[in-house]
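Following: one structure in structure tokens, then a few remarks.
All of the numbers you see were taken from the coordinates with simple rules; none came from a lab. This is a predicted model, so every value here is computed, not measured. Neighbour counts are summed over all protein chains in view; Cβ atoms, including those assigned to glycine, are modelled from backbone coordinates with ideal geometry.
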Amino acid sequence: MARKGDLQRKLRLGYVVFGVLMVIEIVEYVVGTGLRSGNWPYLGILAIVGAWPILRYFMHIQQLRKPKE
Amino acid sequence: MAIPQDRHVEDRPAINRLGLWLFILSDGFLFVVLLTTRFYMQGVQRPAEVNQPLGLAISIVLLLSSLFAYRGETAAAYGDVKRFRRNILVTIGLGALFLAGVVIEWAEGFHFFPPQSTAYGTVFFTLTGFHAFHVVTGLLALVIILLPGQQKRLQSGNHWGVEAMVKYWHFVDVAWVFIFPTLYLVS
């Protein structure tokens, strides 16, 4: 039972991460189309911010340091 | 000094993961080189004809595919084979949809900024082509983990094959997170 609850919790986490990624992607699009010049520093920061949740929550990069996580 | 057998077995997933991450890192460097080429050859200039809404649409499709890949991998880790199969099938469908979007982009690109006559076109087709090749190989890998042999492994508690292929799929997504603004939005 606890195992099933744990699975559901992890599946829900996926939706939260996806929601965050969507927000970042749309902000990126608004910045890219709204700021006609000099937008590259903002886009660079947003790309790094967008890549992090994928690396952390989808790819579990922390397992390299803590294999049990 | 010999390593005890049980220790060797215990360390196996960690060693596998380290190997996969080293592969991903080395592959990532190729993307970094190509992304750098864009700025070296073209600065921050971009043709007005680049289809930004389509770029956003295929980005969302790829991010969505990552969500389903994550769900599939999580289900596999918990031995839920039915849910694993369902989610990986959706991932494959979304990956194919992404490729269809790239084909439309290419058709427009050949018309407005052909690779043989503009620096931007050269970079655009090289980067998106290199990335699309990764998507194709990722799709093949996802099909392989749906084969019956892999599912027998899942039922016996070994989901390393699924974890590795899904991690590769997420890597393809991370690469796109950088390619999308570099090619479609920077100005």
Worksheet entry | Relative counts (whole %) of C-alpha pair distances in segment B:1-147, using bins that are 5 Å wide | 2, 8, 13, 15, 17, 14, 10, 8, 6, 3, 2, 1, 0
Discussion item. Using alpha carbons only, how many angstrom separate the centre of segment B:31-46 from the centre of segment B:102-117?
Written reply: 17 Å
Worksheet item: When the helices in the protein assembly as shown are scored as -39500 (n - 2.57) per DSSP H run of 4 or longer and the sum is shared across all residues, what 222 nm value do you end up with, to the nearest 500 deg cm²/dmol?
Response: -27500 deg cm²/dmol
Fill in: Dipole magnitude (debye, nearest 20) for segment B:85-184, charges at Cβ of Lys, Arg, Asp, Glu
520 debye
Fill in: Global size of chain A as Cα Rg and Dmax, reported in angstrom
16.0, 55
Worksheet item: For residue A:22 and residue A:45 in one chain, what is 0.36 nm times their gap in residues minus the Cα-Cα distance, to one decimal in nm?
Response: 6.7 nm
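Which whole number gives the average count of other chain Cβ atoms within 10 Å of the Cβ atoms across peptide A:27-33?
5
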Fill in: Cβ crowding within 10 Å averaged over residues, with B:60-66, A:25-31 ranked highest first
B:60-66, A:25-31
Worksheet entry | Computed label-point distance, nm, for sites residue B:97 and residue B:152 using a 7 Å Cα→Cβ extension | 3.5 nm
Worksheet item: If each residue's Cβ is checked for other Cβ atoms within 10 Å, how do B:160, B:169, B:21 rank with the fewest at the top?
Response: B:160, B:21, B:169
Worksheet entry | Spacing of the two label points (7 Å from each Cα toward its C-beta) at residue B:29 and residue A:15, in nm | 4.2 nm
Fill in: For the protein assembly as shown, the spread of Cα positions along each principal axis, largest first, Å
59, 43, 31
Practice prompt. Could you tell me how many degrees, from 0 to 90 and to the nearest 10, lie between the Cα long axis of helix B:119-145 and the main elongation axis, the longest principal axis, of the Cα atoms of chain B?
Written response: 20 degrees
Item to complete: Quick one: angle between helix A:40-53 and the longest Cα principal axis of chain A, in degrees between 0 and 90, rounded to 10, please.
Response: 10 degrees
Discussion item. When 1/r is averaged over all different Cα pairs and the result inverted, which Kirkwood radius in Å belongs to segment B:43-115?
Written reply: 13.9 Å
Response to the item:
If unit charges are put on Cβ atoms (+1 for Lys and Arg, -1 for Asp and Glu) and the dipole of segment B:19-116 is taken about its Cα centre, the option from B:54, B:116, B:40 lying farthest towards the positive end turns out to be B:54
Discussion item. Suppose each label sits 7 Å from its Cα in the direction of the beta carbon; what would the residue A:52-residue B:45 distance come out to in nanometres?
Written reply: 3.5 nm
Fill in: Ascending count of other beta-carbon atoms within 10 Å, so fewest first, for B:40, A:42, B:168
B:40, A:42, B:168
